[in-house]
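Participant: Following this message is one structure expressed as C-alpha cells.
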C-alpha cells in the first residue's frame, strides 16, 4: 500500500512538473527552428506562426495597428519558412498544409471584423498563405503520373 502511494505521488509530481513548464517564447521557437534539422523545422516555424496569429488577434482587438501589421508579416515569414522546409525535406507536408489552412481560415474570419483599411492587408496575407498551401499540395500530389 505504501509503495503504491509513493509511486502515485511520483507520477503526480512528474505530471505537475510537466504542466508547470513555461511555454516557449517566440524567440526561443525561432531559434530552435533555425538550429533544427530541415525535417524538424516545419513544426517549429508553424508553432511560431500560430503564436504570432494569436498575437495578431490580440493586437487587432486592442487596436494596436502597428503591432498587428508586424504580426501579420511575421505569420507570412514563418509560414513561408515552414512550407519551404516541408517541401525540401518532404516531411510534415500534410501537417504544415493543414496548419496553414487553419491560420488562413481564421484570418478570413478576422478580415470580416477588421477596419476597412486593414482588410486589403489581411487579404494579401491570406493570398500568400493560400499560395504556400497550393505549393504544398502540389508537392504532395503533383508528381503522381496525372499527365
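The values are calculated or read from the model by the stated rules, or taken from the named source; none is laboratory data. Every value quoted in this text rests on a predicted model; they were computed, and no experiment measured them. Glycine gets a Cβ as well: all are built from the backbone with ideal geometry, and neighbour counts include every protein chain shown.
Participant: Could you figure out which of (1) part of a helix (DSSP H, G or I); (2) under 19 Å from residue 132 (Cα atoms) isn't true of residue 38?
Facilitator: Going through the list (1) part of a helix (DSSP H, G or I); (2) under 19 Å from residue 132 (Cα atoms), residue 38 breaks only (1).
Participant: Tell me, yes or no, whether region 90-102 has at least one residue that is assigned to a helix (DSSP H, G or I), more than 12 Å from the chain's Cα centre (by Cα) and modelled with pLDDT of 95 or more.
Facilitator: Yes, region 90-102 contains at least one residue that is assigned to a helix (DSSP H, G or I), more than 12 Å from the chain's Cα centre (by Cα) and modelled with pLDDT of 95 or more.
Participant: Next question. Could you tell me whether residue 65 is touching a residue at least 12 places away in the same chain (Cβ under 8 Å) and more than 17 Å from residue 132 (Cβ to Cβ)?
Facilitator: Here the answer is yes, as residue 65 does meet what is asked.
Per-residue answers, yes or no, for (1) surrounded by 15 or more Cβ atoms within 10 Å (Cβ to Cβ); (2) in contact with a strand residue (DSSP E or B) (Cβ under 6 Å, 6 or more places away or on another chain); (3) farther than 28 Å from residue 114 by Cβ:
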{"site": "32", "(1), (2), (3)": "yes, no, yes"}
{"site": "45", "(1), (2), (3)": "yes, no, no"}
{"site": "51", "(1), (2), (3)": "yes, no, no"}
{"site": "54", "(1), (2), (3)": "no, no, no"}
{"site": "60", "(1), (2), (3)": "yes, no, no"}
{"site": "63", "(1), (2), (3)": "no, no, no"}
